[in-house]
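Below is one structure, written out as structure tokens; comments come after it.
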Amino acid sequence: MKTILILNGPNLNLLGQREPQIYGSTTLADIDAQIRHRAMRFGAQVDVRQSNHEGELVTWIQEGIGRVDAIIINAGAYTHTSIAIRDAIAASKIPTIEVHLSNVYAREEFRHKSIIAPVCLGQICGLGSMSYLLALEAAFNINP
Ligand code: CA2
């Protein structure tokens, strides 16, 4: 059975409670439930986590080595700033898919640059919670 680690970065715990015009009314718990439901269909095991701390995300990526088959990450604002998360993804050699709820390319210019994109297999953005579900399908089908 494949194990997929799903990491959510800073402020994503506020989903559904603030800024619904950008991020919608779906909460992180709703997304978690959708992921688990879909994973059951694939017969995959998922480990879904959220942290507001860069170092904790780095530690979780490192702890995935030898334990998980793929990572799906919405690094939140760290996407645009974190060399530490990029280095952890690269060092882990775990196939990683970057996801975003919003279309970062339709927003402020500083969101157009992803520091982690070059070390990820691919990126899915702008499709709300569906970004995660499509990434899950891709992660499940990597190296079948
Ligand atoms: O679109 C995405 O998924 C983002 O990763 C969300 C990040 C943002 O910094 C990225 O540029 C794009 C922000 C997550 C914060 O989410 C909030 C949710 C509700 C209220 C405030 C923030």
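The values are calculated or read from the model by the stated rules, or taken from the named source; none is laboratory data. Nothing here was measured: the structure is a model prediction, and the numbers come from that model. Glycine gets a Cβ as well: all are built from the backbone with ideal geometry, and neighbour counts include every protein chain shown. Accessible surface is based on the protein model in full, side chains and every heavy atom, while ligands, DNA and RNA are left aside. Shrake-Rupley method; radii C 1.70, N 1.55, O 1.52, S 1.80 Å.
Within the set of pairs 6 or more residues apart or between chains, which connect a residue that is in contact (Cβ under 8 Å) with a residue 12 or more places away in the chain inside the stretch 98-114 to a residue that is open to solvent by 20 Å² or more (accessible area, probe 1.4 Å) and among the aromatic types (Phe, Trp, Tyr) with Cβ atoms less than 6 Å apart? From residues that are in contact (Cβ under 8 Å) with a residue 12 or more places away in the chain, the pairs are Leu101/Tyr23. Residues considered: Ser92, Ser82, Ser25. Of these, the only one that is over 15 Å from Thr3 (Cβ atoms), of a type in the set (S, T, N, Q) and at pLDDT 95 or above is Ser82.
Of all residues in the stretch 84-96 being open to solvent by less than 20 Å² (accessible area, probe 1.4 Å) and not in a helix (DSSP H, G or I), which is farthest from Pro10 (Cα to Cα)? Give the steps one after another, and end with the answer.
Of the stretch 84-96, the ones open to solvent by less than 20 Å² (accessible area, probe 1.4 Å) are 85, 88-89, 92, 94, 96.
From the residues that got through so far, the ones that are not in a helix (DSSP H, G or I) too are 94, 96.
On the way: Ile94: 22, Thr96: 18 Å.
Here the residue is Ile94.
All of (1) on the phi < 0 side of the Ramachandran plot; (2) modelled with pLDDT of 95 or more hold for Asn11 with one exception: (1).
Among the residues of the stretch 64-83, is there at least one that is of a type in the set (Ser, Thr, Tyr), under 13 Å from the mean Cα position of the chain (by Cα) and outside any loop (DSSP other than H, G, I, E, B)? Walk me through it before giving the result.
If we filter the stretch 64-83 for residues that are of a type in the set (Ser, Thr, Tyr), which is where we start, we get 78-79, 81-82.
Then keep just the ones that are under 13 Å from the mean Cα position of the chain (by Cα); that gives 78-79.
If we keep only those that are outside any loop (DSSP other than H, G, I, E, B) too, we end up with 78-79.
The answer is yes; a qualifying residue exists.
Tally up the residues in the stretch 102-134 that are of a type in the set (Ser, Thr, Tyr) and open to solvent by 50 Å² or more (accessible area, probe 1.4 Å), please. Result for the stretch 102-134: 1. Looking at the stretch 70-83, is at least one residue over 17 Å from Gly122 (Cα atoms), free of Cβ contacts under 8 Å to residues at least 40 places away in the same chain, of a type outside the set (Ser, Thr, Tyr) and open to solvent by 30 Å² or more (accessible area, probe 1.4 Å)? Looking through the stretch 70-83, at least one residue is over 17 Å from Gly122 (Cα atoms), free of Cβ contacts under 8 Å to residues at least 40 places away in the same chain, of a type outside the set (Ser, Thr, Tyr) and open to solvent by 30 Å² or more (accessible area, probe 1.4 Å).
Scanning the stretch 38-69 for residues that are farther than 24 Å from Ser92 by Cα and open to solvent by 70 Å² or more (accessible area, probe 1.4 Å) yields Met40, Arg41. Looking only at residues in the stretch 88-144 that are farther than 16 Å from Ala70 by Cβ and basic (Lys, Arg), which one is nearest to the ligand (Cβ to nearest atom)? The selected residue is Arg111.
Suppose we keep only residues that are in contact (Cβ under 8 Å) with a residue 40 or more places away in the chain and open to solvent by 60 Å² or more (accessible area, probe 1.4 Å) within the stretch 8-37. Which one would you say is farthest from the ligand (Cβ to nearest atom)? Per the criteria, the residue is Gln34.
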